Structure formats: C-alpha cells, structure tokens
Amino acid sequence: MILVADDDAQIRDVVRIALGQAGFAVAEAGDGRAALETAQSLQPDLIVLDIGMPEMDGLAVCRTLRKTSDVPVLFLTAHSDEVDRIVGLELGADDYVSKPFSPRELVARVRAILKRTQGGTQTQMVMRRGVLSVDPARHLCHVNDAQVTLTAREMDLLERLIARPDHVMSRPQLVDAIYGTNIHVSDRTMDSHLRNLRGKLAAAGCPDAIDTVHGVGIRMGACRGA
C-alpha cells in the first residue's frame, strides 16, 4: 500500500489514479498530522509526502517517522524549494519529485524505490566485520548483540561500505551508488548521512566503524568495538 499525503485534493487524485492504474493500493491523507496517524496505523510500503502541508509539514512528518520507522519516503516539492529538498534527503527521504510532475515519472520512481528497499537488488546474506553484522535483505544491523536502527539511506551506505571493506569510495561514488546518477545530492547531505551512521554505530559500541581517508574518501573501519 502507498500512502499519498498532500493538502491539495486534486494532486491526491492525480497520484491516486496513476498509482492505481499501476496496480498499487492507495490510502490518502490531507494534512501532516493525518499522514502521521495513517502511516502509524496502516504501515504503508511507501509514503508520497508533500512538504508544504498544514498542521505538520512534510519535513516534520518525516522527522517523526524516522524515530521509529524506515518506511520509504518520496517527497513532493515545489520547484523552488531546493533547501527543503536537501533537508528532506538529510532526514532520510529516499527521493523527491518536483511539482508540476509527470504521473508516469512519479510511478517510475515509486517502483524504483520499492525495488531497492524491498530487496530486489540487495545482497541476500549477512555481512560481518569485527563486532558489526549487516543483513541488508532483512534491514538488520547489529553491533555484538545490540540491534542498531538505521534509515534506508544509512543501510544503503553501510551495505556499500561493508561489501568492499578495504576499498575507499569517494563521496561522488557513494552518492551515485545510493541515489543513482540522475539525482543531484550535495556533499552536505552525504556528510549528514555519514555523521548519523557513525553516531548510531558508536552509540552501540562500535566507534571505529567508518574511516575517513582525507582527500580521498570513506572506507569501512576495523570494527573492533569500544
């Protein structure tokens, strides 16, 4: 099920019809608080979330969701809201579509996100390094026996690093691997993901999980633990 949250009923109708024709079940919400309540009750597979909504804006909804959920989020943004798009990606959104948008493009992006997050291309094995274990197919990360809750972007990032633990990846390479080559993501956004990932792993007892090779990029650390 896809949850479509937008205060413009006409936009909700366009998205609902496009997704319905593509075979998706759709639920709707007309403001931010309703979106949050519906997401928590229905547990949708993906949320199409407008940023500029009353009651709670889309950024606040995403920020609240990310405390307990890694449900994929596709933001709808006004064409001029570059700052909001960047903040949304930093909060853990998976993609965005600018208004006015093509319904066909929106459906294609929804399919791409679901394919990526539901394991269509994920490694079907548990990867380990030191005290860290990562199971991308089940979206699980553990430090020793402690589970670490990661967003979809953080899991993507960690999976890329642990799959080739001695390989240094530049920030542009990480952006292309995680977001694809057609989406512009700033270094600030990638730094935010890295900072959040480092912080979560350190809090769980693995402060040496990610190394920065100055002037080159990022690689997996030794993961010996605290």
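Which of the residues belonging to the range 161-210 are among the small types (Gly, Ala, Ser) and farther than 23 Å from Arg116 by Cα?
If the condition is that a residue be among the small types (Gly, Ala, Ser) and farther than 23 Å from Arg116 by Cα, then Gly199, Ala202, Ala203, Ala204, Gly205, Ala209 are the ones that fit.
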*If you scan the range 137-147, which residues turn out to be within 17 Å of the chain's Cα centre (by Cα) and surrounded by fewer than 22 Cβ atoms within 10 Å (Cβ to Cβ)?*
Ala137, Arg138, His139, Leu140
*So Glu55 clears everything in (1) touching an Asp or Glu at 6+ places or on another chain (Cβ under 8 Å); (2) crowded, with 21+ Cβ neighbours inside 10 Å except one condition, right? Which one?*
(2)
_Test: Pro136 is in contact with a Lys or Arg (Cβ under 7 Å, 6 or more places away or on another chain) and either at positive phi or modelled with pLDDT under 85 (or both)_ = no
*With the checklist (1) within 14 Å of the chain's Cα centre (by Cα); (2) within 12 Å of Leu197 (Cα to Cα); (3) not aromatic (Phe, Trp, Tyr) in hand, flag the one item Ala177 doesn't pass.*
(2)
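The values are calculated or read from the model by the stated rules, or taken from the named source; none is laboratory data. All values reported here derive from a predicted model rather than from experimental measurement. A quick note on method: Cβ atoms are made from the backbone with ideal geometry, for glycine too, and the neighbour counts reach across all protein chains shown.
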